[in-house]
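Here, each number is a calculation from the coordinates, and none is a lab measurement. Just so it is clear, the structure is predicted and the values come from calculations on it, not from any experiment. For neighbour counting, all protein chains shown are included, and Cβ atoms are generated from backbone atoms with ideal geometry for every residue, glycine included.
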Amino acid sequence: MDRLLEILFTTDFAYSIFRVTTPILFAALGALISNRAGIVNIGLEGIMLTSALTGVLISAYTGSAWIGLIGAAAGGMLIAAILAFFTLELKTDIILGGIAINAFASGGTVFILYLLTGEKGTSSTLASKMLPNVDIPLIQDIPYLGLIVSGHHVLTYLSIAAAVLVYFLLKRTPLGLQIRAVGENPEAAQSVGVRVKRIRYIALVLSGLFASLGGAFMSMGYLSQFTRDMTAGRGWIALAAESMGRSTAVGTTLTSFLFGFAQALSNALQLLKIPSELIQTVPYLTTVIGLVIYAWRQTKKSQKGG
Amino acid sequence: MFKLKYFELFRTLAVVLIALLLTMLFIALISEQKIETMRIFLTEPLSSKSHIGNVIEMAIPLMFTGLAMALLFRMNLFNLGAEGIFFFSGLVAAAIGIQTGLSPFIHPVLAIAAGGIVGALIAFIPGFLKARLNANELVTSLMFNSILLGVGLYILNYYMRDASAYTTSSYKIASSAQLVRIIPGTRVHIGLLIVLVFIALAYIFVYKTRWGYELRMTGANREFAEYSGIKTGRVIIYVHLIAGFTAGIGGSVEVLGMHPRFDWVALPGYGFDGALVAMLAKNGPLAVVGSAFFLAYIRVGAEMMARYSDVPAEMLAVIQSAILLLVSADQFLKFLKNRMLLKEAEKNG
């Protein structure tokens, strides 16, 4: 127990929470935007994985990490656009569409990697680039705090900026208002002239954009290469975070950090030989409990009302 | 001109055809020996007794999860929990399978029954939450998949792991628990008969019983069914129980039939494949057989292709997702249906 506290109260541990939260937060923001437009995007996992690969490939072929990042975003948005086309135009069920995207990503990324490099497991033969870490002037010199909040990956800072952006997008902009209107009541939105299909396209592609930044972080920050199935369920954790955050930007961000904390904890506990398998289930368990409490209260409320 | 009622079948066949053409296109683009690779993919699964056996072995778990998913989809329930249940029930069956001293008949029956019951109990939770609290069964079932994986790996690593094995796997499953092989020269096991019995029972259940009628009514329109006196909450719960039981039996049968040790360290994917099987079968219990065999055939074809040619088996993931996207696309070829409707109306009018 002493060892545990020793680990928890280090600046390294606090630093690592930001690091592991980054991909979860990005994907959870993606889940949030599409959910608010009334679309459950369970393909986040697949979108992240695909963009992790495209980021590595483009950065390796162009020699630029930043062009790689654009490539990752383009890859993720393309997959989201394909999903949007099938669900909005051809009326594929969104859940089945999401399963298809995940299946495609899991095998398809390995397939593409093999075609381009002859390897199936990792992209280690490619000289792909990493996005840089950023030191914040002045703050980096503050004892303790500097070690925790400075020196992070550029996408870590971007993820927090993205959370603020999504908050204002949903609350304060016409597009955000339209997204919420479409999600709450598409017929009503349609009747006052909102182009429902167009808004849903935008929401899904934005969702793909955010998830893809999470994917880019995985292969150009968290690790320095692409490895098979490297997102390892982060897309599902993101759905959990969005769900437990009650589909608000603030709630989603806080639960993303909570789940990031749980994951950082499980990484730290591996050093202490405490079964990490069980700790990794904590985000999912809390989500189920949260959902049950919420649903129970809703049911009681509607019974009282009726 | 063919009849309108065959339209769905025609559409499914069109999807299958597109998938095969897409496969051929990929091979033509990638392979050095195009014709030979195409031949391997298309005919190798039928080239020998053991290869045909591979197709049947592969079809067994797909039929189990396909059936479970078809029952849930028919109710318009998007519960994807078959994935986690398949894994966890397989682990439960293996936990009983590694014990010794049981007789060769009792042992597998006990292990499979335990797996099935555990599956039903797990599925009961999202079913109950949906029926009583209207909690979204999709999210809860997805969360359960991850929870079951974590708990399962914990049990595997701390209670069942054989330290002398080279990989993460359990102790050997006792020979008394392994399922009997029923076709000599292949690994096809008695699970084939079990799943066929399940499918026949499911067909009778859905189309010939009162409960099945309630299931179909509730699936078509829950409010209307409730209004006409069906307790839809109860229907949701028993469909979950049956689907969980089916997926649980499936996982147990797969482990005892095909695995000398329990060695899944990730979710095996059969649950999500079950969604594809169910969609191809248009949620019909009998059609699950055909679609599971189709999927098994192209999988074995892809494995053979990876083994004997220069195209990797992962190509199939692309094909499978194309099939799933197209087969569940309501609007795909809808224009043909509309044209047919118009013609028929003109003829009759």
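What to note about this one:
- Among A:Val205, B:Val255, B:Val15, the ranking by other beta carbons within 10 Å of each residue's beta carbon, starting with the fewest, stands as A:Val205, B:Val15, B:Val255.
- Of the cross-linked pairs A:Lys120/B:Lys34; A:Lys301/B:Lys130; A:Lys91/B:Lys282; A:Lys197/B:Lys334, not one is separated by over 25 Å at the C-alpha level.
- Helix runs (DSSP H) in chain B reaching 27 Å along axis by Cα, Kyte-Doolittle at least 0.0: B:7-30, B:49-74, B:106-133, B:232-258, B:287-308
- Across the stretch A:10-25, computed HN-Hα scalar couplings (Karplus, 6.51 cos²θ - 1.76 cosθ + 1.60, θ = phi - 60°) run 9, 5, 4, 5, 4, 4, 5, 4, 4, 5, 7, 6, 3, x, 5, 5 Hz from first to last residue, x flagging Gly and Pro.
- Cut-off under 5 Å, modelled amide H: who pairs with A:Val134 long-range: A:Gly151, A:His152, A:His153, A:Val154
- Local electrostatic count at B:Thr65 - Lys and Arg +1, Asp and Glu -1, tallied over other residues with Cβ under 11 Å: -3
- Taking amide H positions as modeled 1.01 Å from N, with prolines and chain starts lacking one, the residues under 5 Å from B:Ala135 and 5 or more places away or on another chain are B:Lys130.
- For chain A: relative contact order, % (alpha-carbon pairs under 8 angstrom, 6 or more apart): 33 percent
- Aspartates and glutamates with Cα under 18 Å of B:Lys337, excluding same-chain neighbours fewer than 8 positions away: A:Glu89, B:Glu8, B:Glu346
- Karplus-derived 3J(HN,Hα) values for the stretch A:160-168, using 6.51 cos²θ - 1.76 cosθ + 1.60 with θ = phi - 60°, are 6, 4, 5, 4, 5, 4, 5, 4, 6 Hz; glycine and proline are entered as x.
- Ranked list, fewest to most other Cβ atoms within 10 Å of each Cβ, for A:Leu147, A:Leu269: A:Leu147, A:Leu269
- Helical content of chain B, expressed as a calculated mean residue ellipticity at 222 nm, amounts to -24000 deg cm²/dmol (DSSP H runs of 4 or more residues, -39,500 (n - 2.57) each, divided by residue number, nearest 500).
- Straight-line reach from A:Lys273: taking Cα to Cα under 27 Å and skipping same-chain neighbours fewer than 8 places apart, the lysines in range are B:Lys172.
- Within-14-Å neighbourhood charge of B:Leu193 [Cβ basis; K, R +1; D, E -1]: 0
- Annotation: extensible slack from B:Met258 through B:Gln99 equals 55.5 nm (criterion: 0.36 nm per residue apart, minus Cα-Cα distance).
- Sparse packing (at most 12 other Cβ atoms within 10 Å of the Cβ) combined with a DSSP loop state is found for the following GluC sites (Glu not before Pro) in the stretch B:30-87: B:Glu32.
- Exposure proxy shown here: for A:Tyr201, B:Tyr166, A:Tyr284, the number of other Cβ atoms within 10 Å sets the order, fewest to most, as B:Tyr166, A:Tyr201, A:Tyr284.
- Average Cα contact separation per residue, chain B, under 8 Å, 6 or more apart, as relative contact order %: 34 percent
- For the stretch B:207-280: relative contact order, % (alpha-carbon pairs under 8 angstrom, 6 or more apart): 16 percent
- Karplus-derived 3J(HN,Hα) values for the stretch B:167-176, using 6.51 cos²θ - 1.76 cosθ + 1.60 with θ = phi - 60°, are 10, 5, 7, 7, 4, 4, 6, 4, 4, 5 Hz; glycine and proline are entered as x.
- Net lengthening on full extension, B:Phe10/B:Glu36 (0.36 nm per residue, minus Cα-Cα): 6.4 nm
- Taking amide hydrogens as placed 1.01 Å from N in the peptide plane, the amide H of B:His189 sits under 5 Å from those of B:Ile182, each at least 5 positions away in sequence or on another chain.
- Set of aspartates and glutamates with alpha-carbon distance to B:Lys231 below 20 Å, sequence-local pairs under 8 removed: B:Glu137, B:Glu214, B:Glu223
- Helical contribution to [θ] at 222 nm, DSSP H n ≥ 4, -39,500 (n - 2.57), averaged over chain A, rounded to 500: -24000 deg cm²/dmol
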